[in-house]
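So the structure is just underneath, and the comments pick up after that.
The values are calculated or read from the model by the stated rules, or taken from the named source; none is laboratory data. Since the structure is predicted, the reported quantities are computational estimates derived from the model, not experimental observations. FYI the Cβ positions are ideal-geometry reconstructions off the backbone, even for glycines, and counts take in every protein chain you see.
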């Protein structure tokens, strides 16, 4: 029991970190393109803590960029936990279902993040990115979840 919980925690952390890192890279890339500032969408995430300053901040700072990254990675771990729980409930959790599940969880995250939560709890980056860039962010998040799950299943299967 203990080892299965440990494996579950390791998988969740790995999936959350990879998905968070890929989506953070896309935030930086699309921020540079959409806002002329790579840091702007990451700074905007810290509007949870600094609501007036964060959405307008363009330059990188420990306070806003660092805070935004911490919140982004915490959220990534939360959604990775949802993904891992979903995967654990599957009878046959192969590579194709890993991709479908990742897309479903990323879609759910986008729905919750952008439509269902109160404005104070949105990611904030939606204020600094174009709608097409938001799609890139959630697609990269799904890619990170699926990539980890597929590679993990290949290692377990001895491939």
Among 132, 153, which is the only one that is touching a helix residue (DSSP H, G or I) at 6+ places or on another chain (Cβ under 9 Å), touching a residue at least 60 places away in the same chain (Cβ under 8 Å) and assigned to a helix (DSSP H, G or I)? 153
In the stretch 48-66, how many are under 18 Å from residue 23 (Cα atoms) and free of Cβ contacts under 8 Å to residues at least 24 places away in the same chain? 2
Scan the stretch 13-29 and tell me whether some residue there is surrounded by fewer than 16 Cβ atoms within 10 Å (Cβ to Cβ) and not in a helix (DSSP H, G or I). no
So, in the stretch 73-91, how many residues would count as being more than 12 Å from residue 8 (Cβ to Cβ) and part of a helix (DSSP H, G or I)? 9
Hey, could you check the stretch 92-121 for residues that are in contact (Cβ under 8 Å) with a residue 12 or more places away in the chain and not in a helix (DSSP H, G or I) and say which is surrounded by the most Cβ atoms within 10 Å (Cβ to Cβ)? 93
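What's the total number of residues in the stretch 30-47 that are assigned to a helix (DSSP H, G or I), surrounded by fewer than 23 Cβ atoms within 10 Å (Cβ to Cβ), in contact with a helix residue (DSSP H, G or I) (Cβ under 8 Å, 6 or more places away or on another chain) and at pLDDT 95 or above? If you could, list the steps in order and put the result at the bottom.
Taking the stretch 30-47 and keeping what is assigned to a helix (DSSP H, G or I), we get 30-35, 40-47.
With surrounded by fewer than 23 Cβ atoms within 10 Å (Cβ to Cβ) added as a condition, the list becomes 32-35.
Subset that is in contact with a helix residue (DSSP H, G or I) (Cβ under 8 Å, 6 or more places away or on another chain): 33-35.
In the following step, the residues that additionally are at pLDDT 95 or above were identified as 33-34.
The number of residues fulfilling the criteria is 2.
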